Structures are given as structure tokens and as C-alpha cells.
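Trainee: The structure that follows is given in the form of C-alpha cells.
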Amino acid sequence: MAGDSPSAHPVQLVEQPRLQKLKEMFISKFGSAPKFYARAPGRVNLIGEHIDYCGYAVLPMAIEQDILVAVEPVQTQVVQLANTNSLYLDFSTSVNNIQINKTKPQWHNYFLCGLKGIQEHFGLNNPTGMNCLLDGTIPPSSGLSSSSALVCCAGLVTLRANGKTLSKVELAEICTKSERYIGTEGGGMDQSISFLAEEGTAKLIEFSPLRATDVRLPSGATFVIANSCVEMNKAATSHYNIRVMECRLATKLLSKSKGLDWKKMLRLHDVQTKLGVSLEEMLTIVEEVLHPEPYSTEEICKCLGISLEELRSQILSQNMQDVSTFKLYQRAKHVYSEAARVLEFQKICSEAPANALQLLGELMKQSHISCREMYECSCPELDRLVDICLQFGAIGSRLTGAGWGGCTVSMVPTDKLNTFLKNVKKAYYQMDGQRLAVENNCLFATKPGRGALVFVEA
């Protein structure tokens, strides 16, 4: 499956009210009909937070909410982008001169990332212009990957409009790289699941080389997403990229202490591979080598035997120059323990013991504690929401996505689902007038959905 190119599915528009409506809006906007449609889903990560960019496997599933685009390739070399949501303004640009503004992560810049990624991969000298109308159902800045779904959808659209083909794995890898044009140093989970997802199964996604393995979730439980209603935009905040850098610095210090060629080591996974030890042994090494007190830039230089100038020019990225302290022990401890929890989660799903739900729930709870205490990527609202979910019957609950806002994911016994939804709604959303306004899209049960697709009218 992963080697296949995303195929074009013929659909009857009369049976697809959302596509039909999008087509009508497209015609009234551009004066002609779309030639094809593409969709890319959002995702929920069940376990494995902030470890994909450290080289470790994660365990997400695609959700039904998606980005849907109606497309008409045109003769002019202009891309015109419009959105069904009037909050997002129209945008047009020449396809030959794609400028992506990192200082303002506006919606169209994510589309341009996917477009530019495909153009550069094929070295397109004469790329096709397009009219595109976009409709999104993934709540923005919620940790459900609306931005990566948009990048993926744009990549898929550009691929088809220019008559090219790629495998799903190649598309995922190109879209991961191209999202970095906007300044997000992501690890590839979001783009991979968007392309590689299949209905009815979560996926263990491993990197270098990228591959996806089915993970059959246990029966008897439903995964519920609850939005804290605190928005977090990865590209607009420095927290995320500081964590990426802290993991890179921890990699360097651990490598140096073990006599490895630390200059070549970039990810915490590399240290484990080079040493040939288990994750449990890596946790012991972290305890021996790193201290819990934050490291100053001076101390890091001393440990590595380099000057501040070398640290700034060779290791710290441009947007990290002013950060003066880094927590290395906590970040490494989270990554190695979370990587072990992912593998344990997969093992329980495949062996399906009688107490599988309890065991998985325990792993989810441990994951949240580690995200809160060691990685410090939670926030008071997320912690409160996790507590409420556990109080009203969730077997496990944790933040999902980058954190600092966004959503929680909870595993709930299916027979208690309706009572759970009613109680959480009352306790978290209806106690707060602000949240009541947005509550409709904020709390929903979900099941594993399918990956990115192209549709053509039958």
C-alpha cells in the first residue's frame, strides 16, 4: 500500500453533498468547474509525543476531519487560493516565484509549502497554474494537524495538476521537508499518517526508512478527542523549536560522554543505535550523564569543548540565538521513556491480553505525566481536561499533538461513551461561557479514518 501512488477515485457528486457544495461555490468564485478534488485528513496521536523528530516511532491514526480542495489547472502561471471560511482571505501568486513568509504563519503559506516542495522535487521549470477552493473541517491550532494536512493536500494537488506521480511514502517525505519552509522543525509523523492511513486501523509509524505497520485497536473502547479551546500555533511559537534544540543538545552531550563522534549525531535515537543498547539502558545513561538543573550555554560549550561562537554558528539554529538555558536531562528522559511506551502500546494491541484496556490506559496516563513534568508541553487547561476525562470514566487520557493547548485524547469504554460525553461537556465546556460558543466541534468520538485521496467526478 505504502508504495502506491494515491489513486483517483471516481465519485458521484450527488452522493457527496460536501463535494457538490464545494463545486457550486467554486463555479460562483472562478466561473468554471473544478477538474478534480483532493483531501488529506488530520490525525490524532494516540501515544508518542515529541519523539518523531528524535527518530522514534509514533502511533497515530487519521481522523475523519480533513482538508478538502477543489482544483482547476489553468494556462496562466498563477495560483489563486480561496477558502470557504471567510476568515481566511483569498491569495494569489505567480507559481514561478513562491515566497513563504515565516514571520506570519497564515493559511496560504502552508499551501505554498506543499506546492514548493513538489516543484523543487521535480525541478519544474514551467509549473501549472491553478485555481483552488479549500474547505477545512479540522479545528485550527488544536493539535490535530490542520497545518500539515494542508501542506499534504497542496502537495497532492500540485503533483496531480502537473501530471506527476509519487508513492505515498515519497509524498510524505517531501511534505515533511517542505513544511520546514514555514519554520516548523517537525519530525514527519503528521505528513506520514495523512498519506499512509487506512480505514479501521491505527499505525505504528517508524522513520529512516519511513514505514507504517497496522495497529489493531482493542474492541470495547472508543477514542474521544476533547479540545481545550486554547489555541497553539507551532510555527508562531518558540516552545516547539526550543524542544527540538534541547533534544539535539542532549544528543551531543550524551554522545560526547560516551566517546562517540558527537558532531555527527543529531537525534536521540542515533545515540541509542550507535551504543547498541535498550531504551531502559539509555534512561540509566541519562541519569548518569545529565543533571536535572538547566544547562547554560557556557556549560554546554564547556562539556563539548567548543567556543560560544562555535555553538551559535554550528549547532544553535537562527531563532535559538537568544535562549540562554536548556533543560537536557528532562527532555531526554521524556523521549526515551515515551519511545518505550509506544512500543509497549503496540505490543499490548497485538497480544490483546484480557486486561489490554487497563494496560493501555496506564501508558496513556504515564505519557501525559511525562509531557507535563519532563517535557513541560502541557498547560493548566489541558491538565484540567485530562483530570475531568479520567474522573468521568476514561481509562486513559493525555494531551495529543504538540501541546501548550489543543486537544486531549481519551480511551473510553464504549458502553459508557454517551454518559462520558454528557458529563465532560457539562464539567469543562458548559461551566465556561467562552467555551460554550465553540463547544460543538470540541468533543467527539473518533475512529481510524483513511489517508489522502484524489477524487474525480464520475
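Coordinate-derived values only; no laboratory data. Only a predicted model underlies this, so the values are computations on that prediction, with no experimental measurement involved. Heads up, the Cβs are rebuilt from the backbone with ideal geometry, glycines too, and the neighbour counts pull from every protein chain shown.
Trainee: Just to be sure I understand the model, the point goes 7 Å from the Cα along the line to the Cβ. What's the resulting ASN355 to SER296 distance in nm?
Mentor: Using points 7 Å along Cα→Cβ, the separation is 4.9 nm.
Trainee: How far apart, in nm, are the 7 Å Cα→Cβ label points at GLN99 and ARG18?
Mentor: The answer from the label model is 3.5 nm.
Trainee: Find which of VAL224, ALA394, LEU268 sits farthest along the positive direction of the dipole of the chain, computed with +1 on the beta-carbon of Lys and Arg, -1 on that of Asp and Glu, about the Cα centre.
Mentor: Result: VAL224, furthest along the dipole toward the positive end.
Trainee: Restricting the count to DSSP beta bridges whose residues both fall in the chain, what percent are antiparallel, rounded to a multiple of 5?
Mentor: Within the chain, antiparallel bridges account for around 85 percent of the total.
Trainee: Also: Determine, from the Cβ-Cβ distance of ALA458 and HIS239 and an R0 of 56 Å, the FRET efficiency 1/(1 + (r/R0)^6), rounded to the nearest 0.05.
Mentor: Step by step, r from the Cβ atoms, then E = 0.75.
Trainee: Taking the Cα centre of region 144-251 as the origin, how large is its charge dipole in debye, to the nearest 20, when only Lys and Arg (+1) and Asp and Glu (-1) carry charge on their Cβ atoms?
Mentor: 180 debye
Trainee: How high is the relative contact order of region 306-444? Use alpha-carbon pairs under 8 Å, at least six apart in sequence, and give a whole percent.
Mentor: 16 percent
Trainee: Another question about this same structure. Can you tell me how region 345-458 classifies by the Cα gyration tensor, rounded, prolate or oblate, using a/c under 1.5 as the rounded cut?
Mentor: It is rounded, given that a/c, with a ≥ b ≥ c, falls under 1.5.
Trainee: While we're looking at this one, here's another question. Taking a ≥ b ≥ c as the square roots of the Cα gyration tensor eigenvalues, with a/c under 1.5 meaning rounded and otherwise prolate when a/b beats b/c, else oblate, which class fits region 160-232?
Mentor: oblate
Trainee: If each of SER257 and VAL11 carries a label point 7 Å out from its Cα toward its Cβ, how far apart are those two points in nm?
Mentor: Output for this residue pair reads 5.3 nm.
Trainee: Still on this model: On a C-alpha basis, how far is the centre of region 161-234 from the centre of region 9-68 in Å? Whole number, if you could?
Mentor: 12 Å
Trainee: Let me ask something else. Sequence-distant or interchain residues sharing an amide H contact under 5 Å with ILE63, placed H: which?
Mentor: Excluding prolines and chain starts, which carry no amide H, the hits are GLY42, ARG43, VAL44, GLY449.
Trainee: Could you tell me the calculated FRET efficiency between LEU283 and ASP90, based on Cβ-Cβ distance and R0 = 56 angstrom, to the nearest 0.05?
Mentor: The computed FRET efficiency comes out at 0.65.
Trainee: Follow-up. Using only helices, what value at 222 nm comes out for the chain when you add -39,500 (n - 2.57) per DSSP H run of length 4 or more and divide by the total residues, to the nearest 500 deg cm²/dmol?
Mentor: Counting only the DSSP helices, I get -12500 deg cm²/dmol.
Trainee: Additional query: Less than 15 Å Cβ to Cβ from ILE118, Lys/Arg counted +1 and Asp/Glu -1: what total charge do the surrounding residues give?
Mentor: So the surrounding residues net to +2.
Trainee: Now a separate question. What residue among LEU343, VAL412, GLN16 has its Cα farthest toward the positive end of the dipole of the chain, where the charges are +1 on Lys, Arg and -1 on Asp, Glu, each on the Cβ?
Mentor: So the residue we want is GLN16.
Trainee: Nearest 5 is fine: what % of DSSP beta bridges in region 55-161 come out antiparallel, could you say?
Mentor: Within region 55-161, antiparallel bridges account for around 70 percent of the total.
Trainee: How big is the dipole moment of region 1-151 about its Cα centre under a simple scheme where the beta carbon of each Lys and Arg is +1, that of each Asp and Glu is -1, and everything else is neutral? Debye, nearest 20, please.
Mentor: 300 debye
Trainee: Give me the net charge of ALA445's neighbourhood, meaning all other residues with Cβ under 14 Å from the Cβ of ALA445; Lys, Arg count +1, Asp, Glu -1.
Mentor: Once all neighbours under 14 Å are counted, the net charge is +2.
Trainee: About the Cα centre of the chain, what is the dipole size in debye to 20, counting +1 per Lys and Arg Cβ and -1 per Asp and Glu Cβ, all else neutral?
Mentor: 480 debye
Trainee: A further question on this structure: Between beta-carbons, use under 12 Å as the cut-off and find the net charge around THR325, counting Lys and Arg +1, Asp and Glu -1.
Mentor: Once positives and negatives cancel, what remains is -4.
Trainee: Among 145-154, 449-458, what's the highest-first ranking by average C-beta atoms within 10 angstrom per residue?
Mentor: Going from most to least packed, we get 145-154, 449-458.
Trainee: Which whole-number percent is the relative contact order of the chain (Cα, under 8 Å, 6+ apart)?
Mentor: RCO, the chain: 24 percent.
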